[in-house]
Amino acid sequence: MFPLFGIMESKQVASAYFKDFHLLLIGVICLATSIEKWNLHKRMALRMVMLVGVNPAWLVLGFMVSCAFLSMWLSNTSAAAMVMPIVEAVAQQIIKAETEADALEMSCCNGSINPTLELDENIGECERSDCKEKEKQVNG
């Protein structure tokens with residue numbers, strides 16, 4: 001309240017509690033936590049992937065540009081702390097997509113699943129658990 005009413009400067013009040021840098025980091029952590037809570041980082045990551053694609057070089061460029069854009073108004077530390085959840089969300093989505101693609105490729109390569117040769121009657125049967133157990137035994 002002292003800085004609000006002009007009694008003391010905010011620098012003098014803040015120095016009684018923390019150094020300026022510590023308050024900055026606490027604010028950045030609160031901001032990054034709120035970004036994660038509302039899934040803003042996932043939305044921003046999706047938008048950036050839609051703009052630059054999934055090529056790793058373009059992704060790095062996209063992160064660099066977005067971090068530089070944030071650094072115009074925030075400190076470098078806070079901009080990096082805000083971009084980290086976005087980077088993590090993109091990395092998790094890429095890893096998830098790669099594992100799904102590898103699993104699909106492996107199932108098609110070993111012949112356990114071939115959608116072109118399946119009949120409509122057999123699709124419902126393969127969803128049962130004993131068919132999945134047989135696939136596990138064949139894969140093992």
Positive-pole candidate from A68, Y17, M48, dipole of segment 14-95, charges at beta carbon: M48
Inter-part distance where segment 71-106 and segment 27-49 are each reduced to a Cα centre, Å: 11 Å
Counting Lys and Arg as +1 and Asp and Glu as -1, what is the net charge of the other residues whose Cβ lies under 13 Å from the Cβ of I29? 0
Among 74-86, 38-50, the order from most to least packed when residues are scored by Cβ within 10 Å on average: 74-86, 38-50
Only Cα pairs under 8 Å and at least 6 apart count here; give the relative contact order of segment 14-95 as a rounded whole percent. 39 percent
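Tell me the Kirkwood hydrodynamic radius of segment 14-95 in angstroms, computed as one over the mean inverse distance between distinct C-alpha pairs. Could you put the intermediate results ahead of the total?
On the way: mean 1/r = 0.0742 Å⁻¹.
By the Kirkwood definition, the hydrodynamic radius is 13.5 Å.
For segment 14-95, with all protein chains present and a 1.4 Å probe, just round the carbon and sulfur fraction of the accessible area to a whole percent. Before the final figure, lay out the partial values.
Working: 4200 of 5760 Å².
About 73 percent, which is the carbon plus sulfur part of the accessible surface.
Count neighbours as other Cβ atoms within 10 Å of each site's Cβ, and list the GluC sites (Glu not before Pro) in segment 1-91 that are DSSP loop with at most 11 such neighbours.
Values: sites: E9, E36, E88; in loops: E9.
Sparse-neighbourhood loop GluC sites (Glu not before Pro): E9.
The values are calculated or read from the model by the stated rules, or taken from the named source; none is laboratory data. Bear in mind the structure is a predicted one, so any value in this text is a computation, not a measurement. Here the Cβ is made from the backbone with ideal geometry for all residues, glycine too, and neighbour counts use every protein chain on show. The accessibility values were calculated without ligands, DNA or RNA, using every heavy atom of the protein model including side chains. Shrake-Rupley method; radii C 1.70, N 1.55, O 1.52, S 1.80 Å.
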